[in-house]
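Submitted below is the structure of interest, expressed as structure tokens.
The values are calculated or read from the model by the stated rules, or taken from the named source; none is laboratory data. Just so it is clear, the model here is predicted, and its values are computed rather than measured. Note: ideal-geometry Cβ built from the backbone for every residue, glycine included; neighbour counts use all protein chains shown. When the accessible area is computed, the model is the full protein with side chains, heavy atoms only, and any ligands, DNA or RNA have been set aside. Shrake-Rupley method; radii C 1.70, N 1.55, O 1.52, S 1.80 Å.
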Amino acid sequence: MQAAPRRRAWIFDLDNTLHDARPHIFPHINRAMTAYLAEHLVLGEEEANALRNSYWRRYGATLVGLIRHHGIDPHHFLRETHNFPGLARLVVGRRELRSTLLRLHGRRIVFSNAPEHYARAILKALGVEDLFDDVFCIERTRFRPKPDVQGFLRLLRAHRLTPSRCIMVEDSLENLRTAKRLRMKTVWVDASSRAPAWVDAHVRHVARIPRLLRLF
């Protein structure tokens, strides 16, 4: 048991990392958030959409701005904006995802700014929910989402993780910057041709991660 904290831990973002949320899921969530802001803050659609984007850029999650500036109930917001029928039909994943994850030895944890009910539904649709030791979502960060360092620290404490033994796999450079400052290894999942200095490895999609094992 004493050696457990020293085990390698693969920490995965969810949206646009383990699956592609851009075609169907993100547009739906964005519309749901805009509608929520319009209804609960009594705004026009254009103004609500602008405020949603503003808070997302400023805080990394629209919800943070709503809590800080409007006193919105975070649980109600997350339930209303991440609950839609036919989710499994909208998930775009890679067929080799399961075999890819099985090749990554050590603990596997999902770390997402999404709510837990949504994250688990996505993982179930991808057929990989059973491969993760934990799904650490925004509720367990006490609504201090990535890239806020406090969310990372809560994850590390919850699992007694040694940062230098963690490999953060993400599509967001800002989130990877925080991970690197904590001395984690970083893998950027993106189609770009160049990566910044705080990225240790760069892949176009998660199925290519096993090729990086020699680096870690």
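Tally up the residues in the range 3-43 that are farther than 22 Å from V203 by Cα, open to solvent by less than 30 Å² (accessible area, probe 1.4 Å) and in contact (Cβ under 8 Å) with a residue 60 or more places away in the chain, please.
Total satisfying the criteria: 2.
Let me ask you something else. Go through the range 124-139 residue by residue and tally those that are assigned to a helix (DSSP H, G or I) and in contact with a Pro (Cβ under 8 Å, 6 or more places away or on another chain).
2
Identify all residues within the range 16-39 that are within 15 Å of L78 (Cα to Cα) and part of a loop (DSSP other than H, G, I, E, B); write none if there are none.
Listed by number, the list is empty, since nothing qualifies.
Taking the conditions exactly as written (part of a helix (DSSP H, G or I), hydrophobic (A, V, I, L, M, F, W, C), loosely packed, with under 15 Cβ neighbours inside 10 Å and over 14 Å from the mean Cα position of the chain (by Cα)), does A50 satisfy them or not?
Spelling it out, A50 is indeed part of a helix (DSSP H, G or I), hydrophobic (A, V, I, L, M, F, W, C), loosely packed, with under 15 Cβ neighbours inside 10 Å and over 14 Å from the mean Cα position of the chain (by Cα).
Within the range 124-142, track down each residue that is closer than 23 Å to I29 by Cβ and open to solvent by 40 Å² or more (accessible area, probe 1.4 Å).
Scanning the range 124-142 gives K124, A125, E129, E139, R140, R142.
Does R160 satisfy being in contact (Cβ under 8 Å) with a residue 24 or more places away in the chain, over 23 Å from R89 (Cβ atoms) and surrounded by fewer than 23 Cβ atoms within 10 Å (Cβ to Cβ)?
Here the answer is yes, as R160 does meet what is asked.
Would a scan of the range 33-45 turn up a residue that is at positive phi and at pLDDT 95 or above?
Taking every residue of the range 33-45 in turn, at least one turns out to be at positive phi and at pLDDT 95 or above.
Run I67 past the list (1) without any contact (Cβ under 8 Å) to a residue 24 or more places away in the chain; (2) part of a helix (DSSP H, G or I) and report the number of the one that doesn't hold.
Against the list (1) without any contact (Cβ under 8 Å) to a residue 24 or more places away in the chain; (2) part of a helix (DSSP H, G or I), I67 comes up short only on (1).
A further question on this structure: Please name all residue pairs, on different chains or six or more residues apart, with Cβ atoms under 7 Å, provided the first residue is in the range 194-216 and is open to solvent by 50 Å² or more (accessible area, probe 1.4 Å) and the second residue is at pLDDT below 95.
D200/L215; H202/A195; R204/A191
If L43 passes every condition in (1) of a type in the set (A, V, I, L, M); (2) over 29 Å from I167 (Cα atoms); (3) part of a helix (DSSP H, G or I) but one, which one does it miss?
(3)
For residues in the range 76-123 being part of a strand (DSSP E or B) and not aromatic (F, W, Y), which is most open to solvent (accessible area, probe 1.4 Å)?
V92
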